Amino acid sequence: GEGGSSSGQAAAGRTACAGGGSSSRQNGAAPTGEHVQGMQVHQDQLATFMSHANATNDIFNLAAQVIARVVLQAEALLARSRASADRDTCSTQQQQPEDQAAAHAAALEQAWLPWAVGWRRMWWESVA
């Protein structure tokens with residue numbers, strides 16, 4: 001397995017608030033954020049999420065780490081698949097949207113496999 005939780009927290013931190021969602025904007029300015037593995041990360045949104053998770057239930061931090069790992073693994077699988085397809089074909093044709101959606105779904109499904117055997121009871125039944 002993988003070692004320390006700090007690397008998992010870092011991965012969760014990179015993706016937990018990447019992309020959409022509301023942000024704290026001042027004077028109408030667009031939120032700023034760094035780009036990590038092709039995704040824009042808004043540190044203010046991430047800090048808000050982490051503060052909420054710490055104040056309410058630590059399971060949110062764990063769930064964010066799992067989701068981040070799945071997303072990063074799926075992206076790595078897609079990148080390897082694209083590189084392999086580029087080597088195997090001389091064609092410059094773009095993949096059809098249906099094919100892209102299927103490839104993304106398959107990558108997410110494969111990345112989720114290590115977590116698919118997890119505990120499936122309702123959380124409130126598991127902690128009682």
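Considering each residue of region 62-93, count those that are of a type outside the set (A, V, I, L, M) and modelled with pLDDT of 90 or more, and give that number.
So the first thing to find is which residues in region 62-93 are of a type outside the set (A, V, I, L, M), and the list is 65, 69, 73, 75, 80-82, 84, 86-93.
From what's left, modelled with pLDDT of 90 or more: 69, 73, 75, 80.
Selection size over region 62-93: 4.
Listed conditions (1) modelled with pLDDT of 80 or more; (2) out of contact with any Asp or Glu (no Cβ under 8 Å at 6 or more places or on another chain) are all met by Gln96, apart from (1).
Go through region 44-72 and report how many residues are open to solvent by 80 Å² or more (accessible area, probe 1.4 Å) and either in contact (Cβ under 8 Å) with a residue 24 or more places away in the chain or under 15 Å from Glu109 (Cβ atoms) (or both). Number satisfying all stated conditions: 3. Might you check whether a residue that is without any contact (Cβ under 8 Å) to a residue 60 or more places away in the chain, open to solvent by 50 Å² or more (accessible area, probe 1.4 Å) and in a loop (DSSP other than H, G, I, E, B) occurs anywhere in region 76-87? No, region 76-87 contains no residue that is without any contact (Cβ under 8 Å) to a residue 60 or more places away in the chain, open to solvent by 50 Å² or more (accessible area, probe 1.4 Å) and in a loop (DSSP other than H, G, I, E, B).
The values are calculated or read from the model by the stated rules, or taken from the named source; none is laboratory data. All values derive from a computational prediction rather than experimental measurement. Cβ sites come from the backbone with ideal geometry, for glycine too, and all protein chains shown count toward neighbours. The area values use the complete protein model at the heavy-atom level, side chains included, leaving out ligands, DNA and RNA. Shrake-Rupley method; radii C 1.70, N 1.55, O 1.52, S 1.80 Å.
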